[in-house]
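Peer 1: Sharing a structure with you now.
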Amino acid sequence: MIIYNTTFHVATDVKEQFLEWIKQHYIPAATSSGHLKKPQLALIMARNEGDDGDNYSMQFQVESVDALEQWYKTSGAMLLSPLGTMFGQKVAGFSTIIGVIVP
């Protein structure tokens, strides 16, 4: 079992729009193939002084790296592409693949 995590930095002025998009569109579309399971969206509590915006962790459980690669090829890449169009540089993200040691 692995965790597929994407950390997003979201500017304050688009926060509500981003949260609506991720809950209403991204999560349902990402889990529709069955590869990504148990979605969890969390607010990262640590803040940098003077930082404009919030950081969020979007996590899914995935059976294997192969399953994640299959998901990414079939739907993952096109799910993340609207971010730039919708939010420009007000939302930035990076993904991490995390191996679960103790479930």
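Bear in mind that the values in this text are calculations on the coordinates, not laboratory data. The structure displayed is predicted, hence computed values, not measured ones. As a convention, Cβ positions derive from the backbone with ideal geometry for all residues, glycine included, and neighbour counts pool all protein chains shown.
Peer 1: Could you estimate the translational diffusion coefficient of the stretch 35-103 from the Stokes-Einstein equation, with Rh from the Kirkwood formula over C-alpha pairs, at 37 °C and 0.692 mPa s, in whole µm²/s? Working shown, then result.
Peer 2: Numbers: Rh = 14.2 Å.
Reported coefficient: 231 µm²/s.
Peer 1: Can I ask one more? If each residue of separation counts as 0.36 nm, what is the full-extension length gain between SER75 and SER33 once their alpha-carbon separation is subtracted?
Peer 2: Values: separation 42, 0.36 × 42 = 15.12 nm, distance 0.84 nm.
Extra length available between SER75 and SER33 comes to 14.3 nm.
Peer 1: A further question on this structure: How many nm is it between the label spots at ASP51 and VAL102, if each spot is 7 Å from the Cα in line with the beta carbon?
Peer 2: So the two model labels end up 2.7 nm from each other.
Peer 1: Here's another thing I want to ask about it. Looking at the calculated P(r) for the stretch 1-74, what percent of the C-alpha pair distances fall above 21 Å? Mind showing how you got there, number by number?
Peer 2: Working: 877 of 2701 pairs.
Within the stretch 1-74, distances greater than 21 Å cover 32 percent of Cα pairs.
Peer 1: Still on this model: P(r) tail for the stretch 1-44, what percent of Cα pairs lie past 14 Å? Mind dumping the intermediate values first?
Peer 2: Values: 514 of 946 pairs.
Of all Cα-Cα pairs in the stretch 1-44, 54 percent lie more than 14 Å apart.
Peer 1: Please identify every one of the trypsin sites (Lys or Arg not before Pro) in the stretch 1-82 that sits in a loop by DSSP and has no more than 13 other beta carbons within 10 Å of its own beta carbon. Show your work: numbers first, answer last.
Peer 2: Values: sites: LYS15, LYS23, LYS37, ARG47, LYS73; in loops: ARG47.
Here the sparse-neighbourhood loop sites are ARG47.
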